[in-house]
Amino acid sequence: MARLSKESPLVATLAAVAAVSAFAVDFKPQWDQDPLGGFQDAAQEIAAAKFAPPPAEIPAFSKIDTIFPELVAKIKPSVVKVRTETGGGTGFIVDSRGYLITNAHVVKNFSKFEIKLNDHASVPGVLVAVQPARDLALIQIESKRVDWPALEISERDPQEGETVATMGYPWGLPFSVSLGIVSGISRQKPQEGNAFGCASTYIQIDAAINTGNSGGPLVDMNGRVVGVNAVLISAVREFHGIAYAITPGDVKAFLEAFLPHNRMP
């Protein structure tokens with residue numbers, strides 16, 4: 001019995017070694033797996049980002065604060081106030097000989113107008129042509145000047161989401177500009193029983209227009225005219241984020257039909 005008890009520590013030691021050996025056989029290292037969910041994925045993304053190219057620049061937004069004031073300053077001299085005996089609106093010069101466009105519903109049945117220029121000078125204007133079907137009218141400034149600053153009409157329609165600006169004289173205020181986007185295209189104007197303002201399709205914008213903006217230019221960020229501000233969609237005649245502009249295609253067709261000798265910039 002005494003001999004057996006002396007061997008007991010040895011037996012216990014051997015048993016412990018055997019147990020450790022068995023644990024070692026069953027133990028599998030976990031270092032090649034992620035002990036914290038997503039940790040290695042995040043590390044790999046960080047490493048990849050160090051070698052990723054920089055994000056593409058978006059000029060329309062990253063440079064807007066620089067280019068927009070310059071664009072407005074360039075266009076402003078071409079935008080005029082058209083005054084009649086009972087009201088008026090906005091117009092813009094499309095030919096260096098002093099021809100300008102406005103809405104048919106601005107001129108109504110008048111044939112002579114007071115044209116107020118950007119420098120606050122006033123000159124007379126006379127009606128050349130009116131086309132109610134497109135809600136467009138052509139006026140000529142009565143002057144011998146042949147170097148009027150004319151705006152260029154775009155050859156394309158603007159796209160949905162494109163940045164645009166409205167310019168004009170809302171509520172008789174001095175020159176005003178508003179920035180927005182094209183909200184939709186090929187819009188139909190609600191029928192109001194009005195003989196004027198019947199263009200077949202319109203461009204929908206969220207740039208603000210109000211009473212007095214009618215006939216003013218809608219311009220893109222290259223300074224080209226992409227529409228003529230025409231219709232305010234509101235039950236109370238206040239701007240609610242929806243306005244319509246006549247398409248540049250309609251403007252081009254109108255000028256080709258009525259501008260003498262089709263001389264445009």
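Key figures for this structure:
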item	result
Odd one out for Asp119, checked against (1) at pLDDT 95 or above; (2) closer than 23 Å to Arg145 by Cβ	(1)
Residues of region 63-88 classified as modelled with pLDDT under 90, assigned to a helix (DSSP H, G or I) and under 16 Å from Asn222 (Cβ atoms), total	3
Selection from region 92-116 of residues that are of a type outside the set (S, T, N, Q), touching a strand residue (DSSP E or B) at 6+ places or on another chain (Cβ under 6 Å) and not in a strand (DSSP E or B)	Gly98, Ala104, Val106, Val107
Matching residues, region 134-174, being part of a loop (DSSP other than H, G, I, E, B), in contact with a helix residue (DSSP H, G or I) (Cβ under 7 Å, 6 or more places away or on another chain) and buried (at least 19 other Cβ atoms within 10 Å of the Cβ)	Arg134, Asp135, Ala150, Leu151, Ser154
Counted residues, region 83-98 - those being surrounded by 15 or more Cβ atoms within 10 Å (Cβ to Cβ) and either over 22 Å from Ala165 (Cα atoms) or aliphatic (A, V, I, L, M) (or both)	7
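The values are calculated or read from the model by the stated rules, or taken from the named source; none is laboratory data. Note that the structure is predicted; figures quoted are calculated from it, not measured. Positions of Cβ are backbone-derived with ideal geometry, glycine not excepted, and every protein chain shown enters the neighbour counts.
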